Amino acid sequence: QVQLVESGGGLVQPGGSLGLSCAASGIIFSIYAMGWYRQAPGKQRELVAVITSSSITNYADSVKGRFTISRDNAKNTVYLQMNSLKPEDTAVYYCNAHRGRGDYWGQGTQVTVSS
């Protein structure tokens, strides 16, 4: 059974930082591309960042230079470090594991950026 468990969400002031983690089980983590997506109220889910099995990264234009995705294959964990947070970053953040027909999602963690 595949499980992706996110942690690290919460409330942060504009300009602040927050780190998210996603622990995976039930998959051969190292061969999966891992991604972070987010969904704000009334909006579609959007890609935030992705890291391939070869650790190549790609970011949404809206987060480039502020967010960093990384992975630790020894811990089966993917991370998202978020700096210089803005109110428009407020959303539920989801972890995703993808390889071929395999596509798995976590339950999501709320990130709220507000003063």
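The values are calculated or read from the model by the stated rules, or taken from the named source; none is laboratory data. What you are looking at is a predicted structure, and each value in this text was computed from that prediction instead of being measured. Neighbour counts run over all protein chains shown; Cβ positions are idealised from the backbone, glycine included. The area values use the complete protein model at the heavy-atom level, side chains included, leaving out ligands, DNA and RNA. Shrake-Rupley method; radii C 1.70, N 1.55, O 1.52, S 1.80 Å.
Structure notes:
- For the range 81-86, 3J(HN,Hα) per residue [Karplus equation, 6.51 cos²θ - 1.76 cosθ + 1.60, θ = phi - 60°, Hz, x = Gly/Pro]: 8, 10, 10, 6, 5, 10
- Computed from the C-beta positions of residue 99 and residue 13, the FRET efficiency with R₀ = 30 Å rounds to 0.20.
- Solvent-accessible area of the chain (1.4 angstrom probe, protein heavy atoms only): carbon and sulfur portion equals 47 percent.
- If the convex hull is drawn through the Cα atoms of the chain, its volume per residue in Å³: 95
- Amide H contacts of residue 90 (H built 1.01 Å from N, in plane; Pro and chain starts excluded): 113 sit under 5 Å, all sequence-distant by 5 or more or on other chains.
- In Hz, Karplus ³J(HN,Hα) per residue of the range 104-115 (6.51, -1.76, 1.60; θ = phi - 60°; x = Gly, Pro): 10, 10, x, 7, x, 9, 7, 10, 10, 10, 7, 8
- Excluding same-chain neighbours fewer than eight residues apart, the aspartates and glutamates reachable from residue 43 by a Cα-Cα span under 19 Å are 61, 88, 89.
- Applying the Karplus relation 6.51 cos²θ - 1.76 cosθ + 1.60 with θ = phi - 60° to the range 26-33 yields 3J(HN,Hα) values of x, 10, 7, 3, 5, 9, 9, 6 Hz, where x marks Gly and Pro.
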